[in-house]
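The values are calculated or read from the model by the stated rules, or taken from the named source; none is laboratory data. Source: prediction; values computed, not measured. In this analysis, Cβ positions are derived from the backbone assuming ideal geometry, glycine residues included, and neighbour counts consider all displayed protein chains.
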Amino acid sequence: MSNTIQPDLPATMYALQAHEFGPPSTSFQYLEIMVPEISRPTQVLVQVYAAGINPAEAKVRSGNISRFFKMPTILGADFSGVIVGKGSKVSSFEIGDKVFGKLRFPLGPQGTYAEYTVVDVEKDAISKKPNNLPFIEAGAVGIAALTAYEAIVNKGRLNTTPSIIIIGASGGVGTYAVQIAKAFGVHVVAVCSGKNASLVKSLGADETVDYLSQEAIESLAYRKNTFDFIVDCVGGDNYYNKMAPTIKNGGVYVSAAGPVKDIGASNVSTLDYLFIVKTFIFRSMFSHYKYVMITGLPKKYLTEGILPLLEKKAIKSIALPENVFGLEDGAKAHEAIESHRTIGKIVLKVKTE
């Protein structure tokens, strides 16, 4: 059997290519290239409507993590859109299906910062999009929602009456983490800035703590042996040293960001990587709680975990209008994510619904 392709498919598309390491303004080029082709029978071709942006993509583009990645490349993992082509062995999707998900790797060479992308239904995370979910919100889900689900449901300790702290609750992962935790009946103490407290409370947080208030942070740190687990979306030693003592014996400290705050914002050396390994081993071996880092995002949880929550409207994407950029303005989107001050997710709007 041969591949099935929508008959009016164009030969070329527009994409945002990273051509060199460095700042967004010099790295990215918005240009016309060939539409990618299906090369495996388990692949589908998706016309991208929206693509979420994640910190890892900005760190790779900057060259701060490694310069061994090949350029030029099209970055991006998160997507929503419509299937316009399918391989001969794809039976679970049809041309015209509205879908969303994430590619295995956000680093290219054929990512989602483009009008079309190829998705392998056996290797990548892909699901049919709920009718109640706009493409922009669906495109934001991907890595951030799966990270939050992994932290709360799989790494956290969901006992009968769990109580947790979420650090960085107003960010991309944090906004999903608050909602997922509440969907599972968790008491949530959310650490965020005071100006974002109302938003985080609207997502279900039971308490909010202003990280800019030393008094508020110290008051939270004083509640020792209180919480079942902590989800840290920020990283670094500061929060860890203050908040780890609040975990109960046998609890869990889940790091979605690692022991180095904003790693990749500047050049990462071999010593930095060694510090991460050393810190992970030390915290894992010499703590009264379990210390874990998010290192993998099983694709099955998009359909088994995230999709049902979206369908029930138990969770939603936070993609504020000021954080939605056109594909041609991808450089501005990367500048925004590198500010480390954005609320919720940053999304590229590739096609109008």
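Which condition breaks for G85 when tested against (1) farther than 18 Å from A331 by Cβ; (2) part of a loop (DSSP other than H, G, I, E, B); (3) modelled with pLDDT of 95 or more?
If we test G85 against (1) farther than 18 Å from A331 by Cβ; (2) part of a loop (DSSP other than H, G, I, E, B); (3) modelled with pLDDT of 95 or more, just (2) comes out false.
Kindly check whether there is at least one residue in region 29-38 that is assigned by TED's automatic domain parsing to the domain that holds G344, modelled with pLDDT of 90 or more and in contact with a His (Cβ under 8 Å, 6 or more places away or on another chain).
First, the residues of region 29-38 that are assigned by TED's automatic domain parsing to the domain that holds G344: 29-38.
From what is left, the residues that are modelled with pLDDT of 90 or more are 29-38.
The next check asks that each one be in contact with a His (Cβ under 8 Å, 6 or more places away or on another chain); those that pass are 29.
Within region 29-38 (the criterion being assigned by TED's automatic domain parsing to the domain that holds G344, modelled with pLDDT of 90 or more and in contact with a His (Cβ under 8 Å, 6 or more places away or on another chain)), the answer is yes, since at least one residue qualifies.
I'd like the residue in region 336-353 that is at pLDDT 95 or above and not hydrophobic (A, V, I, L, M, F, W, C) and, out of all such residues, is surrounded by the fewest Cβ atoms within 10 Å (Cβ to Cβ).
This residue is K349.
Restricting the search to region 285-303, which residues are exposed (fewer than 13 other Cβ atoms within 10 Å of the Cβ) and closer than 27 Å to G250 by Cβ? Show your work before the answer.
We begin by selecting, within region 285-303, every residue exposed (fewer than 13 other Cβ atoms within 10 Å of the Cβ); these are 285-286, 288, 295-296, 300.
Listed by number, the residues that qualify are M285, F286, H288, T295, G296.
Please determine whether any residue of region 69-91 is more than 21 Å from the chain's Cα centre (by Cα) and of a type in the set (S, T, N, Q).
Yes.
Have a look at L31, L45 and point out the one that is crowded, with 24+ Cβ neighbours inside 10 Å and not in a loop (DSSP other than H, G, I, E, B).
Values: L31 fails: crowded, with 24+ Cβ neighbours inside 10 Å.
Matching residue, one of L31, L45: L45.
Restricting to region 151-179, name every residue that is touching a helix residue (DSSP H, G or I) at 6+ places or on another chain (Cβ under 7 Å), of a type in the set (G, A, S) and within 16 Å of D210 (Cα to Cα).
Result: G168, A169, S170.
Among the residues of region 313-335, which ones are within 20 Å of L199 (Cα to Cα) and either surrounded by fewer than 19 Cβ atoms within 10 Å (Cβ to Cβ) or among the basic types (K, R) (or both)?
Listed by number, the residues that qualify are K313, A314, K316, L320, P321, E322, V324.
Given the criteria modelled with pLDDT under 95, in contact with a helix residue (DSSP H, G or I) (Cβ under 6 Å, 6 or more places away or on another chain) and small (G, A, S), does A58 qualify?
So A58 passes the test.
Which residue, of G101, G156, is in the same structural domain as V209 (by TED's automatic domain parsing) and either over 19 Å from G330 (Cα atoms) or modelled with pLDDT under 95 (or both)?
On inspection, the qualifying residue turns out to be G156.
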